[in-house]
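Below is one structure; the comments refer to it alone.
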Amino acid sequence: RPPEDEEEVAEVGWQEKLFSQFEVDLYLKESACQTPLDWQYHEEIQKLEKAGGRKNCRIFTYTDHDRFTNLEELCQKVTDSDHEVPSYLVERMVNVRRRRQDRRPVEASSLKSKIITWEPSEEFIKNNHVINTPVQTMYIMGDLGPYGKLGHREYENVLCTIKVDGNGVITVKPDFTGTKGPYRIELEGEKREVWEYTIENASAQVQPEEEEREQRVFRDLYRRHKDYLSGLVGTDFEMPLPGTLRLFVNGEIVSAQGYEYDNLYVHFFLELPNQWSSSPFQQLSGVTQTCATKTVGWDNVAYFCYPFTVDVFYTQEDEDSLPQWPVLYFEVLSLDFWQRYRVEGYGSLVLPASPGVHMLTIPTWRPVNLGTVAEMRRFFIGGSPELEDLTYVRIPSTFKGKRLSRFGFRTETTGSVTFRLCCLQQSKAFLENSALRQRMQSVLDRLGGFSQQSSVYNVLEAFQRARRRMQEARESLPQDLINTSASTV
């Protein structure tokens, strides 16, 4: 440092050019000027020299059009490897700053018709994998060379980077100093000089009239953007009729684990009880792809990640009856090299009664025949005992009696299937929930708290069974014993 403290203050505007000593020496030579920008800088520096030289000493700037801005962003490393090779994505993200000034505005009608590209090409995927918001950049630099030896590129340091993207977001890095202490730059070398600098927002305060005018512009912009989004989405939302409930499920068969054979696939269908219905175009069944298993811990897991959608309606007819919820039946099968398939397990899943995200792992079983011959047949030629009616997993849909006997039906526990279900419920009863909370007249009015209905239903069922058993026990006892017990009590 010189004997007196060296301090410099500079007020810099957006994209304001302050020349460094190196640029002054460079652009004064006509032989170094090649581009129109170089010749423009040559003329500006000549005017500065005639006016008495530049006012700044160590602080200078690189604007958006300077070579340094392109080279700085091109040379930035993504990793800490010394042998880093920029990937395709890194190169495209660097080129984001190449502003898309030749882009033409797209009409809303054409945008609406191309919201989803159903068959994207590989080039389309690559080009749309990057954020393509145009950005303008400006660097505020500091020449931290020895005293009296300014103009050497190796002593140039970035003090502050300012970026403004096409959405109007301003990024200042590092941030304004504020109440924090000054930033420090320690130079390498024998003296190891330490420089300190602060960054302050020197913009003039906006007048109340201008601020109000700006707020009006923002409100108008937001309103137009909202209208634009509403035009894309539309307003044709179906409201269910009074006394109906709409159940919408975005489901996913995540995985199957713990099965004997490889190359698994799942066949499933949804059974709708009475008073439930769906649109004619709604698919209530499906088959996943065949998936090979991988070893995870002690289990062999097949990851399907197979999505499906269910949109059904419940119409209430009797206010006193509790609605039965739809049931998802499924079977897991395996396919070997010779295209022989084997049943690996059956299972069922009652759709969740409460809205939200549910992760459910359902265990499965399969019917078996006793003896070695049946297992050898299953191993060598494939095939195994199957259910003719998949609803036999629970109560068959064709069963009309009072008691269902499965005596002699032999099964074996197999693996399990994991589901992820995102459930939504829509009903007019939800809108009037606060008014109906006091009277609770119908079952549909209580569907807002339907998560407790299954437990209430089970308690009522158990109470009815216990009451029936008590009546049967009383009828089977001798009459004199009952009278004696009553008199003793």
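The values are calculated or read from the model by the stated rules, or taken from the named source; none is laboratory data. Remember, predicted model here, so these are calculated numbers, not experimental data. Backbone-built Cβ (ideal geometry, glycine too); neighbour counts: all protein chains shown. To get the accessible areas, we keep the full protein, side chains included, count just its heavy atoms, and leave off ligands, DNA and RNA. Shrake-Rupley method; radii C 1.70, N 1.55, O 1.52, S 1.80 Å.
Taking region 322-354 as the region of interest, how many residues are open to solvent by 40 Å² or more (accessible area, probe 1.4 Å) and either within 29 Å of Phe407 (Cα to Cα) or not in a strand (DSSP E or B) (or both)? Qualifying residue count for the region: 8. Scanning region 390-421 for residues that are touching a Ser or Thr at 6+ places or on another chain (Cβ under 7 Å) and assigned to a loop (DSSP other than H, G, I, E, B), we see that the one that is modelled with the lowest pLDDT is Ser397.
Of all residues in region 264-291, those being surrounded by 18 or more Cβ atoms within 10 Å (Cβ to Cβ), of a type in the set (Ser, Thr, Tyr) and farther than 28 Å from Gly415 by Cα number 0. Condition first: within 22 Å of Tyr303 (Cα to Cα) and modelled with pLDDT of 80 or more. Can you find one or more residues in region 366-389 that meet it? So far as region 366-389 goes, yes, one or more of its residues are within 22 Å of Tyr303 (Cα to Cα) and modelled with pLDDT of 80 or more.
From the list Thr364, Thr309, the one residue that fits, being open to solvent by 60 Å² or more (accessible area, probe 1.4 Å) and either farther than 22 Å from Ser279 by Cβ or touching a residue at least 12 places away in the same chain (Cβ under 8 Å) (or both), is Thr309. Could you check, for region 433-453, whether at least one of its residues is modelled with pLDDT of 80 or more, outside any helix (DSSP H, G or I) and open to solvent by less than 30 Å² (accessible area, probe 1.4 Å)? No, the conditions are met nowhere in region 433-453.
Counted as qualifying within region 1-75 are the helices (runs of 4 or more DSSP H) with 1 or more residues that are surrounded by 14 or more Cβ atoms within 10 Å (Cβ to Cβ) and at pLDDT 85 or above, namely 21-27, 36-50.
In a strand (DSSP E or B), touching a residue at least 60 places away in the same chain (Cβ under 8 Å) and surrounded by 15 or more Cβ atoms within 10 Å (Cβ to Cβ), is that true of Asn250? Judged against the criteria, Asn250 is a match.
For Gly166, the test of being more than 24 Å from Gln136 (Cα to Cα), small (Gly, Ala, Ser) and modelled with pLDDT under 90 is failed. Sub-7 Å Cβ pairs linking a first residue in region 162-178 that is open to solvent by 70 Å² or more (accessible area, probe 1.4 Å) to a second residue that is at pLDDT below 80 and assigned to a loop (DSSP other than H, G, I, E, B), at least 6 apart or interchain, are Asn167/Thr133, ordered by first then second residue. Scanning region 186-203 for residues that are open to solvent by less than 90 Å² (accessible area, probe 1.4 Å) and within 21 Å of Val12 (Cα to Cα) returns Trp195, Tyr197, Thr198, Ile199, Ala202, Ser203. So which of Val296, Val357 is open to solvent by 60 Å² or more (accessible area, probe 1.4 Å), touching a residue at least 12 places away in the same chain (Cβ under 8 Å) and in contact with a Cys (Cβ under 8 Å, 6 or more places away or on another chain)? After applying the criteria, what remains is Val357. Can Glu238 be described as part of a strand (DSSP E or B) and either closer than 18 Å to Asp311 by Cα or modelled with pLDDT under 85 (or both)? For Glu238, the condition - part of a strand (DSSP E or B) and either closer than 18 Å to Asp311 by Cα or modelled with pLDDT under 85 (or both) - is not met.
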